[in-house]
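Notes for the one structure printed next.
The values are calculated or read from the model by the stated rules, or taken from the named source; none is laboratory data. Quantities reported herein were computed from a predicted structural model and do not represent experimental measurements. With ideal geometry, Cβ positions are generated from the backbone for all residues, glycine too; neighbour counts draw on all protein chains shown.
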Amino acid sequence: MEKIISARHFNLFEENKDHVYQRLSEFEGRTDLLTSVRAVIDYNKHSNTFHAEIVLHGNHINIEADSEGDELIAVFEKVYHKVDKQLRKHIDKMQDHKNMSISDLEMEFAENRELSEIEIEEEVLDSY
């Protein structure tokens, strides 16, 4: 997967660039459909603000998000979480939930019910 990091109107320090690269690398393990990730961070000297944008491209995937603020890392983290949420939603939509067999659905329901009963028992014990 291709990772591109760009800074406009300022020089991105190496430690910030490493942080951005590390966060972009986390998308690599989510799905094999991604082909490129682009992060563009822009500095507006008139308003002293940063504008960050992340674009994910891949097989039937085109996700974009942006954010603006006063601190570089905070702005990047905000846009990272936006893109991460969109990607998780896209992956969830692509999963075929409808074609589960009845036995798989029954097992999933039973597991959820067992967990709920265990949680209720723990709450009751904790209240005493």
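Can you tell me which residues in region 5-17 are over 22 Å from S47 (Cβ atoms) and exposed (fewer than 12 other Cβ atoms within 10 Å of the Cβ)? Let's see the steps before the verdict.
Filtering region 5-17 down to residues over 22 Å from S47 (Cβ atoms) leaves 5, 14-15, 17.
Passing the criteria: E14, E15.
Selection within region 43-54: residues that are farther than 17 Å from I91 by Cβ and crowded, with 16+ Cβ neighbours inside 10 Å. The member of this set that is farthest from the chain's Cα centre (by Cα) is Y43.
Number of residues in region 55-76 that are within 17 Å of R23 (Cβ to Cβ), among the acidic types (D, E) and surrounded by 13 or more Cβ atoms within 10 Å (Cβ to Cβ) equals 2.
Quick check: is even one residue across region 83-90 under 17 Å from T35 (Cβ atoms), among the polar types (S, T, N, Q) and assigned to a helix (DSSP H, G or I)? Before you say what the answer is, go through the steps one by one.
Our first condition is that a residue be under 17 Å from T35 (Cβ atoms); within region 83-90, this holds for 83, 86-87, 90.
Add one more test, that the residue is among the polar types (S, T, N, Q), and what stays is 86.
Next cut, assigned to a helix (DSSP H, G or I) only: 86.
Yes, region 83-90 contains a residue that is under 17 Å from T35 (Cβ atoms), among the polar types (S, T, N, Q) and assigned to a helix (DSSP H, G or I).
Does V75 satisfy the criteria of being in contact with a Gly (Cβ under 7 Å, 6 or more places away or on another chain) and hydrophobic (A, V, I, L, M, F, W, C)? So V75 passes the test.
Just to be sure before I move on: is E117 in a helix (DSSP H, G or I) and either modelled with pLDDT of 80 or more or surrounded by 11 or more Cβ atoms within 10 Å (Cβ to Cβ) (or both) in the structure I sent? It would help to see each step written out before you state the result.
On the way: in a helix (DSSP H, G or I): yes; either modelled with pLDDT of 80 or more or surrounded by 11 or more Cβ atoms within 10 Å (Cβ to Cβ) (or both): no.
No, not satisfied.
When you go through (1) touching a Leu at 6+ places or on another chain (Cβ under 9 Å); (2) surrounded by fewer than 15 Cβ atoms within 10 Å (Cβ to Cβ); (3) under 17 Å from D84 (Cβ atoms) one by one for G29, which number turns out not to apply? Of the numbered conditions (1) touching a Leu at 6+ places or on another chain (Cβ under 9 Å); (2) surrounded by fewer than 15 Cβ atoms within 10 Å (Cβ to Cβ); (3) under 17 Å from D84 (Cβ atoms), the odd one out for G29 is (1). For region 57-69, the count of residues that are modelled with pLDDT of 95 or more and over 15 Å from the mean Cα position of the chain (by Cα) is at least one.
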